[in-house]
Amino acid sequence: MERERKITEAPGVGKKAAGDLLSLGVRTLSDMIRFRPRAYDDRREERRFRDASIEDASISCRITIMGHSEFSSKAGRTLKVTAMDDDGTRVEILCFNRYFLKQQLRLGSSWYIYGKAIKNRSVYQISSFEIKRTKEESGIGRILPIYPLTGSLTEKLMRNAQIYSLSALSPIEDELPLEMYERLSLMHHDMAYNAIHFPSTMEEAKAALATLAFTELLLMELEVLRRKPQRKETGESKLSLIEQKFLGKLPFTLTDDQVNASAEIRKDIDSPTPMNRLLQGDVGSGKTLVAWLTALHAIAKGKQVAFMAPTELLARQHADGAAALLSPFGVRIAFITGSVKGESRKLLLRSLREGTTDLVIGTHALFSEDVVFKNLGYVIIDEQHRFGVQQREALKKKGDRADILSMTATPIPRSLALTLFADYSVSVLRSMPKGRIPVKTYLVSEEKRDSMYESVGVEFKRLHQAYFVYPRIDDEGDSDLRDVTTMFEFLKEKYHGVPSALIHSKLPDDEKMAILRDFKAKKLMYLVATSVVEVGIDIPDATCMIIEHAERFGLAALHQLRGRVGRSTLPSYCFLVYSGNLTDEAKARLKVMKETNDGFKIAEKDLEIRGPGEITGDRQSGFLHLHFASLTSDLDLVEKARKEAERIVEDDRGLLKAENAVLREALARKVLQDK
Ligand code: ADP
Ligand code: MG
């Protein structure tokens with residue numbers, strides 16, 4: 001079969017090169033043409049030596065050999081060839097470790113040279129260069145691809161193997177339905193594959209890339225859409241008595257989004273198909289409450305519920321919260337982490353096995369092997385992006401067709417969320433609870449530090465609390481960075497008599513928890529902390545977040561940290577203290593923080609500033625093998641591909657129509673390749 005032709009067919013590709021190519025993911029000729037150049041070497045413009053001083057310019061021109069001499073250097077006896085270009089400019093070619101060139105570069109012969117030259121006093125010199133007999137061989141006048149290399153591979157070998165692959169597979173068939181090319185202004189695939197490797201202009205390379213990236217995304221979207229389970233709609237699901245009582249006792253009413261999200265979840269819990277749902281909501285939007293309310297629904301149906309949080313600290317906070325909110329309604333709650341040991345662990349495990357615990361809250365210790373449930377029906381995962389796919393799967397397997405709710409505060413642009421979480425249903429909490437006042441953010445330079453301390457002092461008098469966050473635990477002696485240990489002492493003096501505590505990752509969990517409890521009980525007025533307070537901590541009366549060296553934190557971390565305040569109806573403040581000369585990127589980040597509180601906007605800005613990042617986490621690697629497209633920087637293409645895929649699937653889910661045959665084949669091929 002054509003596509004199974006191995007890369008070893010190509011001239012110059014022996015065993016060793018084939019092994020190196022394989023490590024780059026290239027096994028066949030067809031893999032080769034899909035191997036994307038990382039850049040291009042534009043040799044179109046003829047540049048003679050006079051142009052050597054143009055920034056970044058490489059010389060690419062014809063020369064005639066005038067003479068030979070030698071000199072000694074660290075490399076030993078070194079050949080120096082004198083030559084002249086077509087302008088008549090005299091140049092020296094320093095042939096370090098290439099004495100053999102003396103035989104080839106005969107007096108009076110003409111060559112094409114390519115490389116970077118410098119002007120040394122009044123003489124042009126070139127020491128790193130390619131030199132070829134013919135213009136064709138030298139690539140001068142053309143744009144050459146530059147590939148990522150490894151091991152024994154060279155650009156020359158790659159280019160030759162590419163040329164071979166392209167011609168061996170020629171003509172390359174279209175990969176999209178015919179009508180799409182014109183409608184969407186795409187390049188036919190034969191041309192696109194040729195042009196991505198050997199474009200005649202940079203625009204052509206770009207257009208080829210757009211076509212190939214779109215094709216890849218379209219196939220991905222088709223796969224995702226076709227895989228998505230088609231749910232049958234069921235009717236309304238009623239609140240159980242215990243849920244109604246719970247809602248009646250709440251000191252506030254649910255937001256509309258909370259009402260809708262919990263109704264969607266209830267429906268899923270009542271339906272026989274297992275739920276796989278993502279609950280997206282910005283920091284402070286009240287996800288936990290939706291979790292508890294729906295947990296009650298499952299418990300009322302006789303199921304056990306497991307709630308998993310990424311850290312012991314968070315798990316304990318949630319266990320405390322659940323105990324306060326749910327045990328009055330007879331819910332039997334247990335708490336498990338790695339540090340629950342001995343007799344109490346035995347008892348706990350037994351209660352899970354026998355079904356005398358309704359709701360268990362814990363860390364990843366929840367999926368230890370010895371944890372067995374009687375009837376696990378509903379799994380809730382807080383801060384789901386902090387867990388790997390395997391961890392989530394492991395917990396799910398503890399139940400029989402358990403419903404899963406994954407909660408996240410990481411905002412992702414919509415098209416991306418639809419793609420990455422295609423196998424999820426999605427509920428979103430957009431609105432914040434009533435009465436919330438957006439956190440006011442101030443950028444504070446070193447000189448204005450005192451007035452900031454004063455403002456925070458005023459808040460203490462009102463019995464409002466604060467977090468002071470620093471990037472370091474100790475003074476490591478080598479820098480001007482403030483650290484928690486030093487600043488704790490400093491602040492103690494500043495706010496004499498105001499009770500406070502130091503909290504960082506090196507404290508034992510019990511101690512951290514005790515501190516948080518005291519903070520919640522207002523026995524402490526402020527915490528001096530590292531970013532351990534970044535995720536999930538919920539103290540409603542904390543109104544001030546002070547982040548020092550804010551320029552060192554990423555946007556996502558800053559947004560999470562700021563989310564620790566503004567969690568009640570009190571006005572709150574975030575002070576971002578910066579020092580020294582800011583990089584442009586740091587300036588841009590701080591500006592975004594000052595301008596908006598909206599997590600989605602911040603995520604988009606983050607993408608813009610940082611470029612393709614990590615936001616896709618472990619989902620990137622799984623089923624998505626992308627050569628040409630980037631899920632983070634090609635958002636508009638993702639959107640376009642999504643639309644086309646929706647149109648196609650709506651019209652012809654099985655891809656049975658003649659015009660969609662190419663897509664069906666491409667998908668089948670892709671499944672094979674991904675294996
Ligand atoms: P997050 O979505 O960041 O996990 P939480 O679930 O921790 O947010 O909720 C933030 C705070 O808002 C908590 O103190 C919670 O009790 C409170 N809260 C939740 N829902 C409402 C509501 N509808 N009205 C008022 N306060 C609410
Ligand atoms: Mg939370």
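The values are calculated or read from the model by the stated rules, or taken from the named source; none is laboratory data. Treat the numbers as computed from the prediction; the structure is a model and nothing was measured. Cβ: placed from backbone, ideal geometry, glycine included. Neighbour counts: every protein chain shown.
Things worth noting here:
Residues checked against (1) in contact (Cβ under 8 Å) with a residue 40 or more places away in the chain; (2) surrounded by 12 or more Cβ atoms within 10 Å (Cβ to Cβ):
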{"site": "ARG98", "(1), (2)": "no, yes"}
{"site": "GLN103", "(1), (2)": "no, no"}
{"site": "TYR112", "(1), (2)": "yes, yes"}
{"site": "TYR147", "(1), (2)": "yes, yes"}
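- Condition check for SER72: in a strand (DSSP E or B) and over 14 Å from ILE126 (Cβ atoms): yes
- Matching residues, segment 533-546, being of a type outside the set (Gly, Ala, Ser) and either in contact with a helix residue (DSSP H, G or I) (Cβ under 6 Å, 6 or more places away or on another chain) or within 16 Å of ligand 2 (Cβ to nearest atom) (or both): VAL533, GLU534, VAL535, ILE537, ASP538, ILE539, PRO540, THR543, CYS544, MET545
- Selection status of PRO310, touching a residue at least 24 places away in the same chain (Cβ under 8 Å), of a type outside the set (A, V, I, L, M, F, W, C), under 24 Å from VAL428 (Cα atoms) and within 16 Å of ligand 1 (Cβ to nearest atom): yes
- Residue match in segment 436-450 (condition: closer than 24 Å to GLU595 by Cα, within 16 Å of ligand 2 (Cβ to nearest atom) and either under 28 Å from the mean Cα position of the chain (by Cα) or of a type outside the set (Val, Ile, Thr) (or both)): yes
- Count of residues meeting criterion [within 16 Å of ligand 2 (Cβ to nearest atom) and assigned to a loop (DSSP other than H, G, I, E, B)] in segment 372-387: 3
- Matching entry among PRO508, PRO540, PRO433 (being surrounded by fewer than 19 Cβ atoms within 10 Å (Cβ to Cβ) and within 16 Å of ligand 1 (Cβ to nearest atom)): PRO540
- Segment 543-568 - residue that is farther than 16 Å from ILE503 by Cβ and among the basic types (Lys, Arg) and, of those, farthest from ligand 1 (Cβ to nearest atom): ARG552
- Listed here are the strands (runs of 3 or more DSSP E) enclosed by segment 425-487 that have at least 2 residues being modelled with pLDDT of 95 or more: 440-445, 465-469.
- Qualifying residue in segment 633-654 (condition: under 30 Å from ILE437 (Cβ atoms), modelled with pLDDT of 75 or more and outside any helix (DSSP H, G or I)): no
- Enumeration of residues in segment 568-589 that are part of a helix (DSSP H, G or I) and within 27 Å of ALA417 (Cβ to Cβ): GLU585, ALA588, ARG589
- Here the condition is being under 19 Å from MET545 (Cα atoms), aliphatic (A, V, I, L, M), surrounded by 19 or more Cβ atoms within 10 Å (Cβ to Cβ) and in contact with a helix residue (DSSP H, G or I) (Cβ under 8 Å, 6 or more places away or on another chain); of VAL456, VAL439, it holds for VAL439 alone.
- When residues of segment 367-387 are limited to those that are hydrophobic (A, V, I, L, M, F, W, C) and at pLDDT below 90, the one farthest from ligand 1 (Cβ to nearest atom): PHE367
- Scan of segment 126-148 for residues that are part of a strand (DSSP E or B) and hydrophobic (A, V, I, L, M, F, W, C), ordered by number: ILE126, PHE129, ILE131, ILE143, LEU144, ILE146
- Residue count for segment 274-306, restricted to those that are within 19 Å of LEU395 (Cβ to Cβ) and hydroxyl-bearing (Ser, Thr, Tyr): 2
- Restricting attention to segment 390-430, the residues being within 16 Å of ligand 1 (Cβ to nearest atom) and of a type in the set (A, V, I, L, M, F, W, C) number 7.
- When we screen ALA323, ALA298, ALA319, ALA291 for residues that are closer than 18 Å to VAL340 by Cβ and either touching a Pro at 6+ places or on another chain (Cβ under 8 Å) or touching a residue at least 24 places away in the same chain (Cβ under 8 Å) (or both), the only hit is ALA319.
- Within segment 196-211, at least one residue is at pLDDT 95 or above and within 30 Å of LEU656 (Cβ to Cβ).
- When residues of segment 517-537 are limited to those that are modelled with pLDDT under 90 and not hydroxyl-bearing (Ser, Thr, Tyr), the one nearest to ligand 1 (Cβ to nearest atom): GLY536
- Meets criteria (within 16 Å of ligand 2 (Cβ to nearest atom) and either over 24 Å from ALA588 (Cβ atoms) or at pLDDT 80 or above (or both)) for GLN390: no
- Residue match in segment 325-340 (condition: within 16 Å of ligand 1 (Cβ to nearest atom) and surrounded by fewer than 21 Cβ atoms within 10 Å (Cβ to Cβ)): yes
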